[in-house]
Protein chains: 2
Amino acid sequence: MITIETSGFIPIYEQIKKGIKSEISLGVIKANEALPSIRDLAAELVVNPNTVARAYRELEHEGFICTRKGKASFVSENSSSLIQKDKVRLMEDVFDRAISEARKFGLDAAEIRRIVESRLKNQENRGEGEGR
Amino acid sequence: MITIETSGFIPIYEQIKKGIKSEISLGVIKANEALPSIRDLAAELVVNPNTVARAYRELEHEGFICTRKGKASFVSENSSSLIQKDKVRLMEDVFDRAISEARKFGLDAAEIRRIVESRLKNQENRGEGEGR
DNA sequence: ATCGCTGTATTAGTAATTTAATACAGTAAG
DNA sequence: CTTACTGTATTAAATTACTAATACAGCGAT
């Protein structure tokens, strides 16, 4: 289930893209399976169909899904390996950003490790599947 | 030195706010010292003065700096303790986001620790003071 | 062919960010 | 007082993301 954060600065179509990648990565949607239709997903997320369409269009352009007009959008055959590479890059990026932000505030490696540990524990206690 | 990322999704005034907080936190600007003038900083960052003014206005509203019209904006007397609290909150937020993103892709705590370690090492090797 | 679903495309409107050009007001030095 | 610097305020324009309404085109079942 994809969750949308309207309060942040991250565009909805980016959140949708990341959400789809996540679901492919987790095997919630498998290769050659159909994604939800643009209109359905838009209704579910309470978002404009065009916003979902943009996410799908970009995912197609990046090779993760392929689209057959009139039928549906499908997870690409080779999505697994693509996602795998993308996942590594994505995660490196995410933590690089977090760490360099911490560095900007003068935290050293030890303090960063401490925070990560504390947040890992904190999130474990608040139930597994909850995004927020 | 504050760096602005125009390619991202984060508003410039937010980046400036974070940059100032960082410099206060690091002691680059100390309590009761004057910040660069709005026009100077705008020229340095190649940004509109209004954008810097907005950052200053919000920082003042949050209590980090105080402004004397006709003179300059100064770092607040009690900025240290304020920043300290804000820093903790900010860092928790940053790593919460990173971790919950990782969780969305099915990474467990061990894998997250491994990535954090690898990125910490990676950034050490690429010189200390570099943001990117 | 018609109906109902799919994705696609176009156009227009709203909201937020940023830019731009000004004008105003306080401070300090000449 | 004049000059030159501070921050502040206002208004308009440009840009971008998102929303909204609508039309078009492909696919498949009836």
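The values are calculated or read from the model by the stated rules, or taken from the named source; none is laboratory data. What you see is a predicted model; the values in this text were computed from it and never measured. Note that each Cβ is placed from the backbone with ideal geometry, even for glycine, and that neighbours are counted across all protein chains shown.
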In region A:24-42, anything surrounded by fewer than 18 Cβ atoms within 10 Å (Cβ to Cβ), in contact with a strand residue (DSSP E or B) (Cβ under 9 Å, 6 or more places away or on another chain) and assigned to a helix (DSSP H, G or I) is listed as none
Residues that are more than 16 Å from DNA strand C (Cβ to nearest atom), within 14 Å of another protein chain (Cβ to nearest Cβ) and on the phi < 0 side of the Ramachandran plot, at least 2 per element: which helices (runs of 4 or more DSSP H) completely within region B:48-128 meet that? B:79-104, B:109-125
Hey, does region A:50-63 have a residue that's charged (D, E, K, R), away from DNA strand D (no atom under 12 Å from the Cβ) and closer than 27 Å to residue B:91 by Cβ? no
If we ask which residues in region A:20-46 are more than 10 Å from DNA strand C (Cβ to nearest atom) and in contact with a Leu (Cβ under 8 Å, 6 or more places away or on another chain), their number turns out to be 3
Is it the case that region A:85-93 has a residue that's buried (at least 18 other Cβ atoms within 10 Å of the Cβ) and at pLDDT 95 or above? no
Pairs please, first residue from region A:61-83 and in contact (Cβ under 8 Å) with a residue 60 or more places away in the chain, second anywhere and surrounded by 14 or more Cβ atoms within 10 Å (Cβ to Cβ) and assigned to a loop (DSSP other than H, G, I, E, B), Cβ atoms under 7 Å, 6+ apart in sequence or on different chains. A:83/A:64
From B:102, B:109, B:98, B:72, residue being within 16 Å of DNA strand D (Cβ to nearest atom) and of a type outside the set (D, E, K, R): B:72
